[in-house]
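Colleague: Let me give you the structure first, and then I'll get to my questions.
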Amino acid sequence: MQHPAADAAHVPGAGDGPLAGIARLAASALAADTAAIWRREPGGPRLAAAAGFVAGGLPPRSALPALAFEGELAVGDLTDDARFAADALTREPWRFRAVASAPIRDEDGAPLGALAILDRVAGRVERAPMLIELAELAGSVMRLADALRLAQEGAMADPETGLLTRVAFLAMLSQAIVRQERRPQSMALLHVAIAGDDESPQETAHSLHLCIRGGDVLARMAPREYAALLLDGDGTEATVVGARVCRVVAERAAARGCAVTAAVGALVIPGPVADAWEALDEAAGLSRAAPPGGLAEGIHGGG
């Protein structure tokens, strides 16, 4: 039978997503006042989700998470256990008396976190197979979330330069196009093609950073192609930044004994454009038309 408190509101900021669903299921199915999931992090345990009676949150300082990370717990009366007798969990406003927990582990068995159920009546909770199964489910969710985060970070940043990748840049350009439709404002897109002696991508990225303005968006589109988005750029600014790129790339390369040039296509986008691909293709066409180490300019829609 479900405990009356199991449907209470979960912790704000820690109650959304699959982990919150697991916490709610644990509190309900195991008839506990509260279920909580902690993640183990370098700075200390972080409450990832909670359901049931949580009194606006759980105490930030408690011995429970660290102990739960180490292995299964089943304590019928916290006030009779030396590890918890003076713990904040046993005091107002929580007054928890019983706890059972199971560690959440990664594929190698290292602790990722812990799932615990707590009750304000001594002896009400106990170690249960379902608690272990739910902890394993929470582990699968955490591992998947971590894998997705790492994949997203890898898709966002070029590993050699730290610049945005082509995928990330196109996503940002698409968002800028949508905003431009709602609030008309000119923007400019630069496409940069590097030619000449082999130059490290890091050096090229540094040269480009020296040329763009604060707030401009820079990306590596291909091994020797780069792009910059001037979110409020007009023709004059596009020309200035584009010419600066041609000059700075060549000068810095020459100082290192290299012969490197940058052909820049500067596309001004004063109004609506169909999509990010169309704008990028148009800017790339300008860079292909530019002389070696030179600048070619255009305006989307003509000119």
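Please treat every number below as a calculation from the coordinates, not as lab data. Just so it is clear, the structure is predicted and the values come from calculations on it, not from any experiment. Glycine gets a Cβ as well: all are built from the backbone with ideal geometry, and neighbour counts include every protein chain shown.
Colleague: Summing -39500 (n - 2.57) over the DSSP H runs of n ≥ 4 in the chain and dividing by its residue number, what mean residue ellipticity at 222 nm do you reach, to the nearest 500 deg cm²/dmol?
Modeller: After summing the helix terms and dividing by the residues of the chain, the value is -12000 deg cm²/dmol.
Colleague: In a shell of Cβ-Cβ distance under 11 Å around residue 191, excluding residue 191 itself, what net charge do Lys and Arg (+1) and Asp and Glu (-1) give?
Modeller: -2
Colleague: Let me ask something else. Return the FRET efficiency for the residue pair residue 160, residue 197: r is the Cβ-Cβ distance, R0 is 30 Å, and the value is rounded to the nearest 0.05. Write down the numbers at each step before the final one.
Modeller: On the way: r = 17 Å, r/R0 = 0.58.
Working from the Cβ atoms, E equals 0.95.
Colleague: A further question on this structure: If one takes the longest principal axis of the Cα atoms in the chain, at what angle in degrees, from 0 to 90 and to the nearest 10, does the Cα axis of helix 129-156 lie?
Modeller: Here the helix axis deviates by roughly 10 degrees.
Colleague: Filter the trypsin sites (Lys or Arg not before Pro) in segment 50-95 to those in DSSP coil with at most 14 other Cβ atoms within 10 Å of their Cβ, and list the result.
Modeller: Qualifying residues, ordered by number: 61, 83, 91.
Colleague: Hey, another quick one. Any idea what the dipole of segment 4-156 comes to, in debye rounded to 20, about its Cα centre with Lys/Arg Cβ at +1 and Asp/Glu Cβ at -1?
Modeller: Roughly 340 debye for segment 4-156.
Colleague: By how many degrees, 0 to 90 and rounded to 10, does the Cα axis of helix 18-29 deviate from the longest principal axis of the chain?
Modeller: Computed tilt is about 10 degrees.
Colleague: Between residue 179 and residue 255, what FRET efficiency comes out of the Förster formula 1/(1 + (r/R0)^6) with R0 = 45 Å and r the beta carbon distance, rounded to 0.05?
Modeller: The calculated FRET efficiency here is 0.70.
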